[in-house]
Amino acid sequence: SCPSSPDIPSSPARPSPAKKVKKTSAPAPAAPKDKVPSQDTLAELRLCLQRARELGTRVQVLKAGAQEAAEEPSPPEAEGAAEQPCGQKTPAYQRFHALAQPGPPGLVLPYKYQVLAEMFRSMDTIVGMLHNRSETVTFAKVKRGVQDMMRRRFEEHNMGQIKTVYPASYCFRQERNIPTFKDNMKKSDYQLTIEPLLDREPGGAVPQLTASRLLQRRQVFSQNLVDRVKEHHKAFLASLSPPMAVPEDQLTRWHPRFDVDDVPDIAPAELPQPPATEKLTSAQEVLACARSLMSPRMEKALSRAALCAAEPSSPGSPGPALPATPASPPTAPAGTLKGVPQALLERIRAKEAQKQLAQMTRRPEHELRLQRLERLPELARVLRSVFVSERKPALTMEVACARMVGSCRATLSLGEMEKHLLLLSELLPDWLSLHRIRANTYIKLDKAADLACITARLACQACAEEGQ
């Protein structure tokens, strides 16, 4: 031991850092007892001691945080996920519905939202038919018509979701004395009636649900669904690192990592319920309500039945307590990459966020131009092959397009191929030139140019316009 270094730890509580340093360091020859260690060795030991103390403090903080997270109750999302049976899983055609949509990507609605929009269209059609002929619209009629149109179940739950999305579409009431033609439903029973909310006409006549109004209501419903998805998309962008903000009027597609089909369901609104009527369920209640309307013999029999029903009943024992839902483990924070500077990571994330922002606000015409730019390197090679095979200094536009359509891998029409050639001549006027003579347009190509340089220039142009 060294007399000038009293801070060296001798307790076995935190020996790991010092042991690691001793193992990694080269074994030194044993020094005599009267020799004082060098200043470098003392500085190294003090540094190891400081690191060991810092590690011990971090371990205690992490243990305390883990205990607090274990004591906290699990969030409702985790409880809801635990309550769901493991056997019931959403089919793949619903979970990945947005990825299977044809055409250019855009503001695609989730599968369940599109089903709800189709339900509203079918329901509005049935309600319009019944309303236009002055017939009382009931839920039973609408349910039967919608299920026949969609071949899908339609319940009050779905009608509550429609009311949540478009509150100003219908007025719901509970009414009775409505003529019915069913044996299991009486005329005195309450029924849920539906009335479309329409603007009054100037003459005071009853408004009709015309085709234009049906189309307008359908568009309003679809726009409300898109606005709901935009709210979830906005919350997703705010949770990114770094957070992003896109104006809603400039948004043309969702974020690439935004799972559209994972958007939560729409909470159904409350519909009017029939008024609660008093129902007698026991002999004691019948005896209390009709004591003056029955004979003494009947009253005695009901009293005996009430006593017999009350004797075996005992104070209900508390049911077995449900097992507590296990607390969800704390989510471990995403660690940074080892050996990569934090400033470089921030620049990469900012550049990626800028690229995704440009992608989400890109217009359809710009997207079409980018698709053509991606095909230009291949079309340039095909065009040069056509000129080499034809052995002519110039070709007409019709002949060149016809030869390229048959040689290109992409399925393009003659008009699309002509647009690609016009774009190619616009970007590379020194390599491809157009000459209009009378009614024909001739194409002239520089065969001596290096094709690798041409394709490289086209690729650079595509990358430059994609980043805008």
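The values are calculated or read from the model by the stated rules, or taken from the named source; none is laboratory data. Since the model is a prediction, treat every value here as computed from it, not as a measurement. When we count neighbours, we look across all protein chains shown, and the Cβ atoms used for this are built from the backbone with ideal geometry, even at glycine. For accessibility, only protein heavy atoms count, side chains too; no ligands or nucleic acids. Shrake-Rupley method; radii C 1.70, N 1.55, O 1.52, S 1.80 Å.
Per-structure values
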| read-out | value |
| --- | --- |
| Residue tally, condition part of a helix (DSSP H, G or I) and farther than 14 Å from Glu248 by Cβ, over the range 190-224 | 12 |
| Flag for Lys112 being at pLDDT below 95, under 28 Å from the mean Cα position of the chain (by Cα) and open to solvent by 70 Å² or more (accessible area, probe 1.4 Å) | yes |
| Failed criterion for Glu418 (all others in (1) open to solvent by less than 40 Å² (accessible area, probe 1.4 Å); (2) part of a helix (DSSP H, G or I) hold) | (1) |
| Residue match in the range 120-130 (condition: loosely packed, with under 13 Cβ neighbours inside 10 Å and touching a residue at least 12 places away in the same chain (Cβ under 8 Å)) | no |
| Residue match in the range 159-172 (condition: assigned to a helix (DSSP H, G or I) and either small (Gly, Ala, Ser) or touching a Lys or Arg at 6+ places or on another chain (Cβ under 8 Å) (or both)) | yes |
| Residue match in the range 354-372 (condition: open to solvent by 50 Å² or more (accessible area, probe 1.4 Å), touching a helix residue (DSSP H, G or I) at 6+ places or on another chain (Cβ under 9 Å) and over 30 Å from Ser241 (Cβ atoms)) | yes |
